Structures are given as structure tokens and as C-alpha cells.
Amino acid sequence: MRVQETYIAFSTIVRREIHRFLRIWLQTLLPPAITMTLYFVIFGNLIGPRIGEMGGFGYMEFIVPGLIMMSVITNSYGNVVSSFYGTKFQRHIEELLVSPVPISVVLIGYVAGGVARGLAVGLIVTCLSLFFTDLHIHNMGVTLLVVLMTAVLFSLGGIINAIFANSFDDISIIPTFVLTPLTYLGGVFYSISLLPEFWQTVSQINPILYMVNTFRYGILGVSDIDVGTAFIIISAFIVGLYSYAYYLLRIGKGIRH
């Protein structure tokens with residue numbers, strides 16, 4: 001395909017994905033905003049004063065970066081897994097795969113849609129957090145880069161989940177039994193420095209820990225892990241998941257029978 005045709009195919013997929021979640025914003029944008037507001041009220045205002053400071057900051061300040069990142073993770077993943085599986089279920093994806101559109105364009109187009117929703121929800125949650133605490137960005141470059149890379153990573157994860165899913169129930173298994181536990185154990189609500197040494201070591205196996213702490217460093221300037229190491233790990237996951245998703249689409253896994 002020529003560059004112009006490739007761009008048209010890519011932009012069409014992205015526009016469709018963005019229009020999809022904006023059209024049903026009552027289901028895609030409002031619920032996470034309400035959920036995160038409840039987190040701010042319950043954990044920040046009610047429980048926070050009893051906990052006191054954490055990492056040198058008030059508890060509300062400490063958990064805000066983690067809650068923002070949690071909303072980005074869940075919505076990037078959720079947007080792609082539901083959209084891609086819906087396209088597969090309705091057999092629209094076959095038309096794309098037999099067309100001259102490169103597989104990489106299809107893959108990146110869906111990822112871009114997931115990133116758009118993840119960042120949109122993250123922005124909404126950030127604005128809501130300003131009603132509860134003041135945010136002072138420590139490092140804007142780190143903040144923007146890690147949130148973008150995280151949205152890309154979990155959008156890729158959503159595609160892989162959708163490829164293997166054989167029913168709508170299957171697309172909820174990973175978010176429920178894998179993604180949610182890893183997120184809650186990823187340092188969103190606490191610093192791993194509070195854990196015994198053994199559990200600190202175990203926590204470092206959790207990739208979400210690196211994303212949450214890097215984002216917290218970008219906003220507050222504190223982190224339980226080395227930021228450079230975190231970027232290397234996140235980059236490695238992105239490359240690995242992209243390669244695997246591309247391979248699955250190329251062989252038609254879960255699509256061609």
C-alpha cells in the first residue's frame with residue numbers, strides 16, 4: 001500500500017475507535033470518574049487522615065498518582081479487549097485481514113484507540129483529583145512518557161486477550177483474576193518500603209509496580225524503584241507484547257478457522 005492509503009486506513013480505525021467510546025460515554029467515561037471519586041473520598045478523606053503521611057506526603061497526595069495510573073490501565077485494556085473481540089465476534093476483522101491493509105496498521109490502530117480512551121479517562125481523573133488535593137508535577141517528561149507507554153502496553157494486552165477469547169465471558173477473566181490483583185498489589189495504596197523484605201522482593205515481580213512508581217516519581221518526585229530500570233522493563237514488555245500480538249494476527253489465531 002502507498003503511504004497515503006496506509007494513513008487513511010490507520011486514521012479510519014483510530015477515528016472509529018474514538019467515536020465508539022465517545023458515543024457511549026455514559027458507559028466508558030462516566031463510570032471510572034465516579035469510581036475514582038469514591039476512592040478519593042473514602043481512602044483520601046476518610047481513611048487518609050488516620051494513616052498520616054506516606055513517603056513524606058499526605059496520604060491523599062500519595063495515592064492520587066496510583067489511582068490515575070489505575071484508571072489508565074483498566075480503561076486502555078478494557079477498550080481494546082471489548083472492541084477487538086466485538087469486531088471478531090461480528091466477523092468484521094476478517095475483512096481487515098484479507099484487505100491490503102498491513103497487519104501492523106490494524107494493530108497500531110486498535111492500540112491508538114485504547115490509548116486515547118486511557119488518556120482521556122486519566123485526564124478526567126486528574127481533574128477530579130484537583131478537588132481533593134494539589135498536584136505539582138515534578139518531572140513532566142517522565143509523567144507523560146510513562147503514562148503513554150503504560151496505555152500502549154495494556155492496549156496490546158487487551159488485543160491478545162481478545163484474540164484468545166471465545167466468548168464475552170472470556171474477556172473478563174484476565175481483568176478480574178490477573179489485572180485487578182496486580183493493580184491493587186502494585187503500590188497504588190502503599191509504599192512497598194512498608195513491607196517485610198521478602199514481600200518487597202516478591203512485589204518487584206509485579207510489572208505494574210514499576211509503572212505506578214515511575215508515574216508517582218513524575219508527579220511527586222519519590223519512587224520505590226529505579227526509574228531507569230522501570231522504563232527498560234516497560235519497553236521490554238511493549239516490544240514483547242507487540243511482537244506476540246502481531247504474530248497471532250499474522251497466523252489468524254482465533255480468527256481464521
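The values are calculated or read from the model by the stated rules, or taken from the named source; none is laboratory data. As the structure is a computational prediction, the values presented were derived from the model and not from experiment. Every residue, glycine as well, gets a Cβ built from its backbone with ideal geometry; the counts of neighbours run over all protein chains shown. Note: areas computed on protein heavy atoms with side chains; ligands, DNA, RNA excluded. Shrake-Rupley method; radii C 1.70, N 1.55, O 1.52, S 1.80 Å.
In the range 117-159, which residues are assigned to a helix (DSSP H, G or I) and among the hydroxyl-bearing types (Ser, Thr, Tyr)?
The first filter runs over the range 117-159 and keeps only residues assigned to a helix (DSSP H, G or I), leaving 117-129, 140-159.
Matches in the range 117-159: Thr126, Ser129, Thr143, Thr150, Ser155.
The C-beta contact set for the range 236-251 (first residue under 11 Å from Ser104 (Cβ atoms), second residue open to solvent by less than 40 Å² (accessible area, probe 1.4 Å) and polar (S, T, N, Q), distance under 8 angstrom, 6+ apart or interchain) comprises Tyr246/Ser104. Residues that are over 16 Å from the mean Cα position of the chain (by Cα), exposed (fewer than 15 other Cβ atoms within 10 Å of the Cβ) and without any contact (Cβ under 8 Å) to a residue 40 or more places away in the chain occur in the range 111-127; there is at least one. Of all residues in the range 75-91, at least one satisfies being closer than 23 Å to Asn213 by Cβ and of a type outside the set (Gly, Ala, Ser). Hey, could you check the range 198-209 for residues that are open to solvent by 50 Å² or more (accessible area, probe 1.4 Å) and under 25 Å from Arg50 (Cα atoms) and say which is modelled with the highest pLDDT? Per the criteria, the residue is Gln200. The set of residues from the range 4-24 being surrounded by 13 or more Cβ atoms within 10 Å (Cβ to Cβ) and either over 24 Å from Ala112 (Cα atoms) or of a type in the set (Phe, Trp, Tyr) (or both) comprises Phe10, Phe21. For the range 49-69, what are the residues that are open to solvent by 10 Å² or more (accessible area, probe 1.4 Å) and either more than 18 Å from Val222 (Cα to Cα) or among the aliphatic types (A, V, I, L, M) (or both)? Selection gives Pro49, Arg50, Ile51, Met54, Met60. Once the range 210-231 is narrowed to residues that are of a type in the set (S, T, N, Q) and open to solvent by 20 Å² or more (accessible area, probe 1.4 Å), the residue that is modelled with the highest pLDDT is Thr229. Scanning the range 160-197 for residues being part of a helix (DSSP H, G or I) and under 22 Å from Val80 (Cβ atoms) gives a total of 20. Look at (1) out of contact with any Ser or Thr (no Cβ under 6 Å at 6 or more places or on another chain); (2) touching a residue at least 12 places away in the same chain (Cβ under 8 Å); (3) within 22 Å of Asp170 (Cα to Cα) and you find that Ser76 fails only one, number (1). Among the residues of the range 162-192, just one is open to solvent by 80 Å² or more (accessible area, probe 1.4 Å) and among the polar types (S, T, N, Q), namely Asn166.
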